[in-house]
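Okay, so here's the structure we're looking at.
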Amino acid sequence: MCKPIVLLVILNAVIANHSSQRLRLSTLIETDKNRDKFRLDIKKGCEFISFPNATINECGFCVGGETGLNHDYGKDCKGVCFGNAAIDCMGVCDGFSYVDECTGQCVQPGFETHSIWNASSNRDCRGLCLQPSSTDPVGGGVGGGVGSTSSVSAPMPSQTYTIDQCGICRMSTASSFTIVQSNQPVDCNGNCRLPGLSKSVEVCGQCVRPTEMSAVIDDCGNCISEGHPCSCDRDPTKCGCIDPNNCYVIKAINPQAIPHNIQANVSIVGYFYPYAKQLYCVVRRHGFELVDSFPVQFLHKNKTVAQCNIQLAQDGEYVLGLGFRKNVFITPPKDLLHLYVYDTSSINISLIGPSTSLTNESDSLLTIHFDDLNNEIPPIPIRCKVLYDNGEEELANFGVKLNSCTLPRSDHRSKSQKIRIYPTFDGIHMFSSSVEHLIQAIPPRIFVLSSFVSEDGLSVVINFDKPVDLGAIDRNINANSDTYDDEPLVMCDYLFTESTIEHLSLHGLQGCRWATRVQLIATILRPLSTDTIEVEFKPNVLFQHGQKFALPNEAMSGNVSKLSNWWSYEPMVAITGPNEISACGNFALIGHFSSPRGTHEVDFQWEVEGDVSDELKHYVSRSGKSNNLLLSSDLLEIGIEYTFIFKAFIQVRRQSLQATHLLVKLPYEAPIISLYHTKLLHSLPFYESSNLTLFADINVPDCIQPPQRLVLSWRVSDPMFKFPLNNIAKRFSITYTIDPYTVPANHPTSIMVDSFIGLAQNKTSTAMFNFEMKRAPLKANLYNGITKVTIGSQSGMIRLNSQPEPSKKAMIYQWSCHEIKTAQPCYFNFANAQPHELNRNPLLVTPEMQHRNELWLSSVSMQPNQQYLVGLQLFDANNSKISSETEYTLLNVVEGIKPQVSIGPIFIKEKYVVPYNPRFSMFIIPFGTGITIRGKAFLEQGVGEVRWESTTFRYPLSWSSKRVSDDQIDTQLNIHEDSLMAYGLYTFKMVACSKNKQCSSSEISLMAAQSATMCNVLLDSYVELEPTMVNVEKCNIPPSASPVTYQLYLEDEHFPTLLPINSPQLSPVMTFPGTPAFSENQLNRLAVRVCDRFDTCTLHFSPPISVENAPNLTASVDQLVQRARRLHKIGDPITAFSVINSVFLKPDSFNESYRSYESAINSTIEFGSNALQMPSLTMSRGHYEMILNALSFALPKTNNLRLRRQLLALIVRFYEKAEALQSIPSINSIRVTYSNVMNAFVPNEEQRNANITIDDERYLRDIRLTLRKIKQAAAAQLPLGSRLVLMAERLDDRYLDNEGLPIRLHTAVTEVMHLSNAFDVNLKARLNVNQTVTAQVQFGEEVKMNLSTGWDCHQELPCTSVVYSVTIYPDLNPFPESLSMHKLSPVLDITIHAPKTGEEMPIRSLLKATVFELTVTGNVSYGGTDYITKCHYYDEERQKWVMDDVHPLGIAYNQAGCWSGHLSSFVVMRSVVGLNADYIIGVLVACLMGVLVFGIMVVFYVQRKRENASQVMPDVPIKIEPTSTNSYNPNAHHIQAQRAHAKSRIRQVKVATEIQSQTILVTD
């Protein structure tokens, strides 16, 4: 006897059509004793899979009976279920013997040396297997190609490795690789050397030992044989000495010119021996008139250089020589040297040229020429000292010509700036005058070689050679544009020439967006007709980013060609649809198509085979010319098996594809089931190691009466299928996941899903999925998928490991290592060897290390400034013919005590690991989805800091770091979904520094792939609130993206964003209650959001659709409520939500259909409450957006506060559930909910006329709680550097502007900003027709300090940024007011939130948390002397306004200032004077803190005075225009009709205010 259970079906789609209801389930079973109960005949155990005589063994398999399986099926050789023990090649259970991968021999551990390593015919000297057909990138190894994670761009030619004459393994055949000196086996004397060591080297043409270097090189580093002056120390005859024991010869002096009246140090070069106590530098006029002499200062142990400190008073030309007496030369006249003395004040120079240079000339010498205006510069070479913008100084070279100097190659000149050049002779004493030189940045240019047209022809990707200043583009657009058109189109118009715009417009130009600073992407609706397009840019529109003096571009163009094989996969087709259909009702067969070139020029056709009637054949031929085939069961005969064929003909390839689907009609009414799965349109085989998820899509025809709960269950008829026989929850779920290794490889099998209504088990319909899994190939998963590691040469040990697939096979590991530049094996660095290591194997990876499951390498054993390619290949221990591809990790060794830096793995939404793509040498990610990049820094001596950088990414980088230990820091870079565009190429660098600021880095590159494209939304007209079908056709679905979901949205200018109409569903054939029209022309426009399995979504719009008004509004609403309740009875409250959703969008309907709306609201509350009671109910972001949309739009449809409180409670609960399931609604959805909730405490027109205010404290508290959840949801998903402004507005017809239209007043304005720290805020809001109120907020230093880098935000990693929220209520607000108080200012709410979670962080008990200033809106003298002006905050616990810990700064210029030690909701009020405790504490604290805040008060009021001096608020009514369309007043739709005559004006206002309310990503 079965226990009574309740099977609740949660269905996720909308009404299919007039005769049936389409239902997509998300969960199917809930057990609750308090619900309606009914009994089902649920089969248990092996009877469920049609083997009633079998029994379940310990492993969960049905064995015995007719199964053909023995009792131990599923156990390993040790009798453990699903164990890893296997019989090895010696016949031992769980033994350690293995089949050698090179010889094929069975080997016992410990005996490899004799049987394996001496088998030279099978292994080379590296220890790798010999295979002539090997495609190992460095030759000789087993395995194919570059491997799944190789960093090598192309395979290297196969090579032979042998032992050379020195006993070292080397590549022996000729190759194209450059063999550098360090890799030669012998030195210049023919001696064998160890890697890193050398006995002799060739220096100055001689082969010498390192200890004999001084015999061939002098102290100056020159070859002695070349006879440089420094060589006099070793060979005085080169300086003209006859007697080297008594010689005083001078050859040069430096400097040759000195300033007058300044003691200058002059170096004399020559030969001086022996040292003399009385040796002088004798200076005479050029006419041998004695001037003066100065003692020579000898340098210790230096015979070639001496010094004299010379100071001369008169400028002019002198000669200098040596003498033992002050007035006698011992230097012959011919050897006397010239010395010039100059007056710096008399030298006046000007720049001859060049006056400017370019940043790209920084790697070239630059000669600067001067003009000697007074002819005072001595005729000797000069040099210059260069002073850069950043304060750095650099000494230039001597000029080749007189009055010139040569600036050396310098990275400083790669930055545009004005540099100051000071001429000098000695680099110390500068001329009194200097010149200025301007370095300008060259403009970006098109990088044609990397630009391309996507293969589907819908995107033109233009790359630039330098980053573009996007901020300058935005500023120029805003300054020069007087229209408010679509921003992407404005960008195209600003950048491109008219001819390019016209060319792109022929294909439906959508817009131009910057993916990065070096990548512009132009998108079109229809594919380009040719494979090449010439794009032309206007002049003066592009500047280089990050440059102070950037030159504008000239007019330029480039031919961009189509990328021929972007996806590199063959087109595919598939069919989803029911296998069995009901005796009544409609259904659809869906043809799916995927191709790199999309659905353009692809012809679709359906056909049907079998015992087919002429009517059906003609219908399919006529209606089956798209990928969706809509059918009625009336066209089919009962019991006949039909074969439907979906064909796709690709014109450009003359290729035809087809898929088939079997279908039979049942003799009774039953649900109609279609199956979707995650391997639909998958380009790779279905391996046993992967999982597959099946989704059931249910269609319940209307002919099935009465509506009852829907029951669905999964089953199999294969005993080898590991099926959860006793797991009721999984068997009765809407989805079923086939886990890895639950089905044998190469074994055809199937899984079925059955469905029926209520207790009608005899009227069951079935859908079947047939499949066969392939044996999973071995995969090494080297180093967790990390492809590149930077290693400091003294950083410590590095551990490379493998994480093979759980295939339960015993594995043999084969490690390899090669140098990138030479293809030689990696060698041990004997320069750092310990004494016991001098006799070790020269290979870095020795044969003893080659078979270990992890590889440990010491950084000191690697040679600095070398790159190593470490490879790993796996072999089946019992079958060496089964092996993995060789996977590689690149080790980049940098010299010094620098950290090891590794980047990876990469996650999509912190869930899916992104594999490396060897074809593109980067990681391919879906666009528009959140990406997490992990990294690690390690250094034995201790890691100091870690940071992330990107020179091309548009937005600020947001990352978190956690110090695991003193020697390791883990970090995580978070890339927001809004910052990734399709075809965008993104590069990020992780930098890690030691505590001594020695840094190393590693880079990673990502490319964002496109999702679904080319969808057509087909619908001509409909009647509002009537069931309407819309067909989404010809979508191109990329591989591995299935299943995709479709969700319908409404686009209308009266709303700030798209409004969800239904919930996401699997079928592209959707029905919905027709949404009302909001414009006089009765036209609507729909959009379909198509999302793949990674939640990457694309929008596709319909043409304008004609809408007919409902003939009877009340009847239409009642019918929709009845239809929704039918869905709820079947078990689908979510779809019931979507049915009623359209009801609440109808304007001008509150009074007309009040009772119908009350019924709809009560039903909505019931649906929401039941949905929340289903713990297994999982929903996507689209579900939550639709639900919150329905709940918030229902608020103004009733004046019943009880119903409103229930709606608010549901909004809070659904936000909490979305947060828990990490499916937070989008910012656009939050805008709509915010506007509706914030206007929910504003009296409507009827209440306002009756002077009714909404002052219920419980209701207002619910409003505040809901706002907190809305702010938390916004803060949780706001990217770093972005600013979000939320506005709630209301139309007030009591005040009209100059055109007779009602003005818009702000109910509330909220600013949410995510920055690296808390910054000051300035908010404005319109109070009435004459006044705009402001709120200025300054956060205290304690707040900024506490929320600086690495603060505790209650997350796994510390937070490095902060989200703050500031809300201003100009007049009405959701706080209760006391009769004993008079409000003087707007209400201000300030909160701080943690990024990523949005959790509100309490800020309290600080000295000064915030200082704020509010506009005075009340009577400052209210109540006379009986009242006092004080700052208040709202205490949620005490539910009242209190004064403690908030203090006034005073009132000036119509502004009131306050400061507080905590963050809360604040207001300035006039209250009755009383010596209560709050007041006394406030006075005492204010007195103590008065001095500290006085400065802040002065700043506020000085600033206010300046503002008032420059702008005076008018006292008379002025023309008021709406400031935003981001709010929607449900009670004021009748006013919209008055705006029809001002359509163009409203269009401008709409876009202008959308900029305020959009999420603004701060880029420059």
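The values are calculated or read from the model by the stated rules, or taken from the named source; none is laboratory data. Keep in mind that this is a model prediction, so the values were computed, not measured. Neighbour counts run over all protein chains shown; Cβ positions are idealised from the backbone, glycine included. With ligands, DNA and RNA removed, areas are computed over all heavy atoms of the protein, side chains included. Shrake-Rupley method; radii C 1.70, N 1.55, O 1.52, S 1.80 Å.
Listed here are the residues, each with its yes/no results for (1) polar (S, T, N, Q); (2) at pLDDT below 90; (3) open to solvent by less than 70 Å² (accessible area, probe 1.4 Å); (4) in contact with a Gly (Cβ under 6 Å, 6 or more places away or on another chain).
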residue: 462; (1), (2), (3), (4): no, no, yes, no
residue: 484; (1), (2), (3), (4): no, yes, no, no
residue: 490; (1), (2), (3), (4): no, no, yes, no
residue: 499; (1), (2), (3), (4): yes, no, yes, no
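Residue 1113 is checked against (1) surrounded by fewer than 20 Cβ atoms within 10 Å (Cβ to Cβ); (2) under 39 Å from the mean Cα position of the chain (by Cα); (3) among the hydrophobic types (A, V, I, L, M, F, W, C) and fails just one. What number does that condition carry?
Only one criterion in (1) surrounded by fewer than 20 Cβ atoms within 10 Å (Cβ to Cβ); (2) under 39 Å from the mean Cα position of the chain (by Cα); (3) among the hydrophobic types (A, V, I, L, M, F, W, C) is unmet by residue 1113, namely (2).
Inspect all residues belonging to region 562-585 and state whether any of them is within 22 Å of residue 1010 (Cα to Cα), out of contact with any His (no Cβ under 6 Å at 6 or more places or on another chain), open to solvent by less than 10 Å² (accessible area, probe 1.4 Å) and assigned to a strand (DSSP E or B).
no
Considering only residues that are touching an Asp or Glu at 6+ places or on another chain (Cβ under 9 Å), hydrophobic (A, V, I, L, M, F, W, C) and open to solvent by 10 Å² or more (accessible area, probe 1.4 Å), which ones fall in region 658-683?
662, 664, 666, 675
Restricting region 974-1024 to residues that are farther than 30 Å from residue 1037 by Cβ and of a type in the set (A, V, I, L, M), which is surrounded by the fewest Cβ atoms within 10 Å (Cβ to Cβ)?
Filtering region 974-1024 for residues farther than 30 Å from residue 1037 by Cβ gives 989-1003, 1023-1024.
From the residues that got through so far, the ones that are of a type in the set (A, V, I, L, M) too are 990-992, 1023.
On the way: 990: 25, 991: 19, 992: 30, 1023: 15.
Looking at residues that are farther than 30 Å from residue 1037 by Cβ and of a type in the set (A, V, I, L, M), I get 1023.
Among the residues that make up region 1357-1379, is at least one of them touching a Phe, Trp or Tyr at 6+ places or on another chain (Cβ under 6 Å), open to solvent by less than 40 Å² (accessible area, probe 1.4 Å) and without any contact (Cβ under 8 Å) to a residue 60 or more places away in the chain?
Checked against the condition, which is being touching a Phe, Trp or Tyr at 6+ places or on another chain (Cβ under 6 Å), open to solvent by less than 40 Å² (accessible area, probe 1.4 Å) and without any contact (Cβ under 8 Å) to a residue 60 or more places away in the chain, region 1357-1379 yields no hits at all.
Return only the number of the condition from (1) at negative phi; (2) in a strand (DSSP E or B) that residue 904 does not satisfy.
(1)
Please go through region 1025-1040 and pick out each residue that is open to solvent by less than 40 Å² (accessible area, probe 1.4 Å) and either in contact with a Pro (Cβ under 6 Å, 6 or more places away or on another chain) or not in a strand (DSSP E or B) (or both).
Selection gives 1025, 1032, 1035, 1037, 1038, 1039, 1040.
Among the listed residues 913, 946, 964, which satisfies the condition of being of a type outside the set (D, E, K, R), modelled with pLDDT under 90 and open to solvent by 10 Å² or more (accessible area, probe 1.4 Å)?
On inspection, the qualifying residue turns out to be 913.
Would you say residue 1420 is surrounded by fewer than 24 Cβ atoms within 10 Å (Cβ to Cβ) and outside any loop (DSSP other than H, G, I, E, B)?
No; evaluated as a whole, the condition is false for this residue.
Just one of (1) over 20 Å from residue 1281 (Cα atoms); (2) open to solvent by 10 Å² or more (accessible area, probe 1.4 Å); (3) in contact with a Ser or Thr (Cβ under 8 Å, 6 or more places away or on another chain); (4) outside any strand (DSSP E or B) trips up residue 934, so point out which.
Evaluating residue 934 over (1) over 20 Å from residue 1281 (Cα atoms); (2) open to solvent by 10 Å² or more (accessible area, probe 1.4 Å); (3) in contact with a Ser or Thr (Cβ under 8 Å, 6 or more places away or on another chain); (4) outside any strand (DSSP E or B) leaves (4) as the failure.
Can you confirm whether residue 1175 is open to solvent by 10 Å² or more (accessible area, probe 1.4 Å) and under 20 Å from residue 709 (Cβ atoms)?
Answer is yes for this residue.
Does region 1075-1097 hold any residues that are open to solvent by 20 Å² or more (accessible area, probe 1.4 Å), farther than 18 Å from residue 1109 by Cβ and assigned to a loop (DSSP other than H, G, I, E, B), and which are they?
Correct list: 1093, 1094, 1095.
Restricting attention to region 249-270, report how many residues are within 60 Å of the chain's Cα centre (by Cα) and in a loop (DSSP other than H, G, I, E, B).
1
List, please: which pairs have Cβ atoms under 6 Å, are six or more places apart or on different chains, and start with a residue in region 833-851 that is closer than 19 Å to residue 811 by Cα and end with one that is in a loop (DSSP other than H, G, I, E, B) and open to solvent by less than 30 Å² (accessible area, probe 1.4 Å)?
Here the result reads 847/127; 850/127, each pair linking region 833-851 to a residue that is in a loop (DSSP other than H, G, I, E, B) and open to solvent by less than 30 Å² (accessible area, probe 1.4 Å).
Condition check ((1) touching a Pro at 6+ places or on another chain (Cβ under 6 Å); (2) under 20 Å from residue 551 (Cα atoms); (3) small (Gly, Ala, Ser); (4) assigned to a strand (DSSP E or B)) across all residues:
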position: 370; (1), (2), (3), (4): no, no, no, yes
position: 375; (1), (2), (3), (4): no, no, no, no
position: 386; (1), (2), (3), (4): no, no, no, yes
position: 413; (1), (2), (3), (4): no, yes, no, no
position: 423; (1), (2), (3), (4): no, no, no, yes
position: 444; (1), (2), (3), (4): no, yes, no, no
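Identify all residues within region 501-523 that are open to solvent by 70 Å² or more (accessible area, probe 1.4 Å) and under 24 Å from residue 952 (Cβ atoms); write none if there are none.
Hits for region 501-523 are 510, 513.
Where the second residue is part of a strand (DSSP E or B) and acidic (Asp, Glu) and the first is in contact (Cβ under 8 Å) with a residue 24 or more places away in the chain and lies in region 406-435, which pairs have Cβ atoms under 7 Å and are six or more apart or on separate chains?
410/394; 412/394; 418/436; 420/436
Checking the structure you have, find out if any residue of region 1325-1333 is open to solvent by 50 Å² or more (accessible area, probe 1.4 Å), within 18 Å of residue 1416 (Cα to Cα), modelled with pLDDT of 90 or more and not in a loop (DSSP other than H, G, I, E, B).
no
Six or more apart or on different chains, Cβ under 6 Å: which pairs go from a residue in region 282-300 that's modelled with pLDDT under 90 to one that's assigned to a loop (DSSP other than H, G, I, E, B) and open to solvent by less than 80 Å² (accessible area, probe 1.4 Å)? Could you list them?
290/327
Filter region 593-634 down to residues that are touching a Leu at 6+ places or on another chain (Cβ under 8 Å) and assigned to a loop (DSSP other than H, G, I, E, B) and give me whichever is most open to solvent (accessible area, probe 1.4 Å).
Looking at the filtered set, the residue picked out is 613.
Which members of region 84-99 meet the condition of being over 15 Å from residue 110 (Cβ atoms) and either in contact with a Lys or Arg (Cβ under 7 Å, 6 or more places away or on another chain) or of a type in the set (Asp, Glu) (or both)?
84, 85, 93, 94
So, in region 1288-1305, exactly how many residues are open to solvent by 10 Å² or more (accessible area, probe 1.4 Å) and either hydrophobic (A, V, I, L, M, F, W, C) or under 24 Å from residue 1398 (Cβ atoms) (or both)?
Residues in region 1288-1305 being open to solvent by 10 Å² or more (accessible area, probe 1.4 Å) and either hydrophobic (A, V, I, L, M, F, W, C) or under 24 Å from residue 1398 (Cβ atoms) (or both): 2 in total.
Would you check which residues across region 865-903 are open to solvent by 10 Å² or more (accessible area, probe 1.4 Å), among the aliphatic types (A, V, I, L, M) and over 32 Å from the mean Cα position of the chain (by Cα) and list them?
Answer for region 865-903, where residues must be open to solvent by 10 Å² or more (accessible area, probe 1.4 Å), among the aliphatic types (A, V, I, L, M) and over 32 Å from the mean Cα position of the chain (by Cα): just 882.
Does residue 1454 fit the bill of being loosely packed, with under 13 Cβ neighbours inside 10 Å and at pLDDT 90 or above?
no
Out of (1) open to solvent by less than 10 Å² (accessible area, probe 1.4 Å); (2) within 25 Å of residue 1242 (Cα to Cα); (3) at pLDDT below 90, what's the single condition that is false for residue 1312?
For residue 1312, the exception is condition (3).
Of all residues in region 689-699, how many are open to solvent by less than 30 Å² (accessible area, probe 1.4 Å) and at pLDDT 90 or above?
Qualifying residue count, region 689-699: 6.
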